[in-house]
Structures are given as C-alpha cells and as structure tokens.
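The values are calculated or read from the model by the stated rules, or taken from the named source; none is laboratory data. Predicted model, so just to flag it, every value in this text is computed and none were measured. Note that each Cβ is placed from the backbone with ideal geometry, even for glycine, and that neighbours are counted across all protein chains shown.
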Amino acid sequence: MSISAPCVVSLTWLMTDAQNHPIDELKEPVEFFYGGDDLLVQVEEALLGRKTGDEVKLQLEPEHAFGDYNSELVCFEDRKLFPEQLEVGMAFEGLPPGAVTPGMPADTIYVVSEVFPSHVVLDGNHPLAGIALRLTIQVRDVREASDEEIEARSVGNNAFSVLDTAPPAQPLH
C-alpha cells in the first residue's frame, strides 16, 4: 500500500540538527496518522506515495518545523512564585499566579531555563524553535486508518506534541 491520506504509517527515524548532532531517534516503529494532526506538513509531503521499506531524507528549516526562536517568549519571574523543588527543564502550562510579565500568552507551555535565588527564567518557545532539522525516516508499515483514527485525525502517538514539554536534551517521545 502506498502512503496517501488517510492512512496510518509506522515509522522509525533519526533526527539531527543541521550539523548532524543527534536530537532524537525512534528505534522502534511508532504509528502516525497520515493526513491529520500527527506529522508536520513537510514530513507528510516527503512521505506521499512511499511504501513499506522506503527511506526518506529531508531537511526542515525552522519555519517548516517548530518556528523561529522568539525572544519575546522569554521572561523572568520572581522565584517565590514557584515550588521549592524547581529544576531546569521543568515545564508549566501558563505563567504562575502572580506573574508580572505583561503580554505573555496564557496557553503556552513555559520551560524553566535557569533558576536564580531571586528569579526564574521561563522560555515559551518550543525546544526545537530556531533549529533546522535533518530527518532520515524509514517507512516500516502502511495500513488503512480506522474510522476512529480518521475522526480523531490522530492515532494518539503524536511524538511532536510531546516535544512541547521536553527539554532539548531529552527524548522526544
């Protein structure tokens, strides 16, 4: 079966930055809904018409992956607003109650990038924002999507959405 929307693809991949430093590797196949919300548009375009056993190599510039880095999504908040046990890499949905930085989106995941005695640095950028990505993808299987998967536009294993809370040095799935 060739990949076309809607279907489910089982993939493995190696993801590196533009200098070929490893970022993530899916060694065991993971299923993704093709034609929905599980894969980036550029990845779907590269997979169209491929079959089990095919390998695809592509480079994604930031604007086709997780966007450019936006320094306006970095803020400093009082250390007292956070739990005592606070570490770099911890993620919070929205700013804590009492936050004073104006104009910060409320529905953003903020990752702690630095902790100081008086303040905490929060970053609302995706961990891979501003990074060009290279992917080597192996198609391990292609199957028809179920009615439930088509309705949900997902198989529920969206590795890319997990990235929103993962520090860059951590696995992405």
Has region 63-82 got any residue that is under 18 Å from the mean Cα position of the chain (by Cα), surrounded by 14 or more Cβ atoms within 10 Å (Cβ to Cβ), over 30 Å from T101 (Cβ atoms) and of a type in the set (A, V, I, L, M)? no
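For every residue, the table says whether it meets (1) surrounded by 14 or more Cβ atoms within 10 Å (Cβ to Cβ); (2) modelled with pLDDT of 95 or more; (3) closer than 14 Å to L58 by Cβ; (4) aliphatic (A, V, I, L, M).
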site: A5; (1), (2), (3), (4): no, yes, no, yes
site: V9; (1), (2), (3), (4): yes, yes, no, yes
site: L14; (1), (2), (3), (4): yes, yes, yes, yes
site: E25; (1), (2), (3), (4): yes, yes, no, no
site: E28; (1), (2), (3), (4): no, yes, no, no
site: F32; (1), (2), (3), (4): yes, yes, no, no
site: D37; (1), (2), (3), (4): no, no, no, no
site: V43; (1), (2), (3), (4): yes, yes, yes, yes
Give the residues of region 130-149 that are hydroxyl-bearing (S, T, Y) and in a strand (DSSP E or B), sorted by residue number. T136
Among strands (runs of 3 or more DSSP E) entirely within region 1-97, at least 1 residues that are closer than 22 Å to R143 by Cβ occur in 7-17, 22-34, 55-60
Any residue at all in region 46-55 that's of a type outside the set (V, I, T), at pLDDT 95 or above and out of contact with any strand residue (DSSP E or B) (no Cβ under 8 Å at 6 or more places or on another chain)? yes
Residue that is nearest to T16 (Cα to Cα) [pool: residues in region 89-119 that are surrounded by 14 or more Cβ atoms within 10 Å (Cβ to Cβ) and in contact with a Cys (Cβ under 9 Å, 6 or more places away or on another chain)]: Y110
For E77, are the conditions met, namely being of a type outside the set (S, T, N, Q), out of contact with any Leu (no Cβ under 7 Å at 6 or more places or on another chain) and modelled with pLDDT of 95 or more? no
